[in-house]
Amino acid sequence: MSTEMKFTEKLQAAWQSQNSLLMVGLDPDIQRFPEEIAQDKNAIYEFCTGIVDATAEFACGFKPQIAYFASQGAETQLANICQYIQKNYPHLPIVLDSKRGDIGTTAEHYAHEAFSRYRADAVTVNPYMGFDSIEPYLAWENKGVIILCRTSNPGGSDLQFAQLESGEPLYLHVARLVAEKWNRTGQCALVVGATFPEEIAKVRAVVGPDMPLLIPGIGAQGGDIDSTVTAGCNAEAMGIMINSSRAILYASAGSNWREAAAQTAKATRDAINLARTALPPA
């Protein structure tokens with residue numbers, strides 16, 4: 001039996017010990033790096049670990065987006081960044097944002113990539129191919145499986161708002177499937193975008209208070225912190241990971257990039273916590 005901490009337990013502990021619901025996304029765009037590290041052969045590692053050190057105090061975890069690393073042939077740097085977080089901030093969960101959506105042995109390899117190669121605590125996945133595309137990840141019983149549900153992009157409505165014969169929109173059907181049938185390990189979570197707070201509230205009502213929600217879309221995509229917290233938090237004023245990436249990573253392109261990232265992360269964490277204080281008492 002594994003002694004590894006379950007994803008939801010690690011996340012819950014981070015929410016409490018950090019007093020933060022802020023998930024810092026690691027989306028390293030070398031075109032936007034500060035000049036002082038831009039030419040370094042390990043620039044992605046140097047930038048991301050600099051951001052991690054600057055923001056860890058204010059975060060409940062980190063979410064590297066795998067495409068930013070794979071496109072630059074920087075998977076080894078990503079593995080080293082994950083190792084750096086695990087060594088220096090072992091209390092903070094790592095969510096590998098890869099949105100994989102395949103089946104069978106292919107999905108088994110994607111799970112191995114996330115949980116063995118990068119030793120991530122959770123991974124994002126795409127449910128379009130149904131339970132077959134989720135099941136291989138559930139074999140890793142302590143790991144989080146964060147399933148796309150209602151995404152923050154405008155085109156998400158093309159499919160996610162399709163009505164079933166019952167009249168229920170597809171995104172709520174996904175939420176219900178995950179909550180009632182797929183969550184065999186108790187480690188599933190959902191992605192619900194901050195740009196649709198009414199839908200966040202509907203998803204929370206379907207899945208109950210315990211399932212974590214990963215919420216992108218504040219900042220650059222226009223999502224509102226107050227309405228997101230009101231719609232997504234549970235009675236303990238927790239239950240959500242509010243992701244912010246570009247606003248924190250590229251708060252400054254100058255030599256003060258670390259300090260600017262820390263300042264922006266703190267301000268975001270504080271704004272989220274202010275919204276939490278306005279919630280009705282449990």
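Which of the strands (runs of 3 or more DSSP E) contained wholly in segment 84-186 include at least 3 residues that are aliphatic (A, V, I, L, M) and within 20 Å of Leu213 (Cα to Cα)? Working first, answer last.
Working: elements: 95-100, 122-125, 144-150.
Hits in segment 84-186: 122-125, 144-150.
Taking the condition of being out of contact with any Gly (no Cβ under 8 Å at 6 or more places or on another chain), of a type outside the set (D, E, K, R) and in contact (Cβ under 8 Å) with a residue 60 or more places away in the chain, how many residues in segment 112-142 meet it? Give the derivation first.
Initial filter on segment 112-142 (out of contact with any Gly (no Cβ under 8 Å at 6 or more places or on another chain)): 112-120, 124, 130-131, 134-135, 137-142.
Of the ones still in play, those that are also of a type outside the set (D, E, K, R) are 112, 114-116, 118, 120, 124, 130-131, 134, 137-140, 142.
Applying the additional criterion that residues be in contact (Cβ under 8 Å) with a residue 60 or more places away in the chain yields 124, 142.
The qualifying residues number 2.
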Seminar exercise, completed: Selection over segment 134-159 where residues are small (Gly, Ala, Ser), modelled with pLDDT of 95 or more and more than 16 Å from Pro93 (Cα to Cα) yields a count of 1
For this session: Select from segment 49-76 the residues that are more than 16 Å from the chain's Cα centre (by Cα), free of Cβ contacts under 8 Å to residues at least 60 places away in the same chain and closer than 18 Å to Trp257 by Cβ and list them in ascending order.
Result: Thr49
Exercise. Among (1) closer than 19 Å to Val125 by Cβ; (2) surrounded by fewer than 24 Cβ atoms within 10 Å (Cβ to Cβ); (3) β-branched (Val, Ile, Thr), which single condition is Thr49 missing?
Worked result: (1)
Problem set entry | Given (1) assigned to a loop (DSSP other than H, G, I, E, B); (2) more than 18 Å from the chain's Cα centre (by Cα), index of the condition Pro28 fails | (2)
Seminar exercise, completed: All-but-one check, Trp15 against (1) assigned to a helix (DSSP H, G or I); (2) closer than 14 Å to Met241 by Cβ; (3) in contact with a helix residue (DSSP H, G or I) (Cβ under 9 Å, 6 or more places away or on another chain), failing number (3)
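The values are calculated or read from the model by the stated rules, or taken from the named source; none is laboratory data. Quick caveat, the model's predicted, so the values are computed rather than measured. In this analysis, Cβ positions are derived from the backbone assuming ideal geometry, glycine residues included, and neighbour counts consider all displayed protein chains.
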